[in-house]
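Here the structure comes first, spelled out in structure tokens, and everything after it is commentary.
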Amino acid sequence: MFHATAAPPLSMTEVLFAVPQGDAGDANKDGKRSATADEFVEIANTSTKDIDLKGWTLVDSDSWSFLTDKGKVAWSKAAEKLKHDGKDWVFVFPLCTLKAGERAVVFNGFEQSPKGPSGSHAAAAERNKDFDRALIFTMKVETSKVALGNDGDWVALISPEGKFVELVKWGKHDVAPPSEAKVTDAPAEPKGSVQRDTAGGAFVDHQTLGDKDRLFSPGEFKASTPDSKKPAKPDLAPAEPAEDPKK
């Protein structure tokens, strides 16, 4: 059973791996739905301090397995030889700052670009008003075959030092997560994206969070903590007795 924990300062908060059919699947708002291009991962700065994103990495199971020779090579060593040629599902953030409470969204981007300004592995992103002023990036993947697995896969958030900060998995996947990774399960067959219900909370089907017509919300996560939803503790001090007006 999943238990909510304190969120790390930088945390994955939403993943769209099974893009809905039709116009409802146009997550990057470029005017057309793409089973590949509209995939995205959202991260959020859940701390009270700014975070330099340079060197932070998102990678899926197949690309991690290939680049590390099935885990035989440390990620820090594999990343040194990484080429952003659009042939792997991997994104290394450039030099840029994610302020406290802000979000960044990375789209697959195959043959498409999201609406408004966006960045890449080589260039920082501007805050995009079409995505609640989140930083928007594209991987610029060059083949439709490089995509998240709908039936099963995992995505990891790795620090510049090569530490697995978070790993989100769903369904059945061929590549086992690294033993050192902190693993969180997500629903395997959501109607849209999977999103944390709170910072550090469980991943749930986005449709269950309120508005059933909204299947995803890239860039809009609010970094509330599990404790912020708890009712305030009652004041245990005895109340002063009311004065009897008849006296």
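Exceeding 20 Å between C-alpha atoms, which entries from my cross-link table qualify? They are 129/222; 140/222; 49/182; 87/182; 99/129; 70/182.
On the way: 129/222 16 Å; 140/222 27 Å; 49/182 23 Å; 87/182 26 Å; 99/129 16 Å; 70/182 18 Å.
Among 129/222; 140/222; 49/182; 87/182; 99/129; 70/182, the Cα-Cα distance tops 20 Å for 140/222; 49/182; 87/182.
Using just the helices of the chain, give the 222 nm mean residue ellipticity in deg cm²/dmol: DSSP H runs with n ≥ 4 each add -39,500 (n - 2.57), and the total is spread over all residues, rounded to 500. Walk me through the intermediate numbers first.
Working: 2 runs with 13 residues, N = 247.
That calculation yields -1500 deg cm²/dmol at 222 nm.
Along the Cα→Cβ direction, 7 angstrom out, place labels at residue 126 and residue 50. What is the inter-label distance in nm?
For the pair residue 126/residue 50, the computed spacing is 1.9 nm.
Starting from the Cα gyration tensor of the range 10-220, multiply each eigenvalue by 5, take the square root, and state the resulting semi-axes largest first in whole Å.
Three semi-axes, in Å: 23, 19, 18.
Can you tell me the relative contact order of the chain? Whole percent, Cα pairs under 8 Å, sequence separation 6 or more.
This gives 23 percent for the chain.
Can you give the extra length, in nm with one decimal, that the chain gains between residue 77 and residue 183 once fully stretched, where that is 0.36 nm per residue apart less the Cα-Cα distance?
That pair, residue 77 and residue 183, stretches by 35.9 nm at full extension.
Taken together, the values in this text are just the output of simple stated rules run on the coordinates, not laboratory data. Just so we're clear, the structure is a prediction, and the values are computed from it rather than from any experiment. Cβ sites come from the backbone with ideal geometry, for glycine too, and all protein chains shown count toward neighbours.
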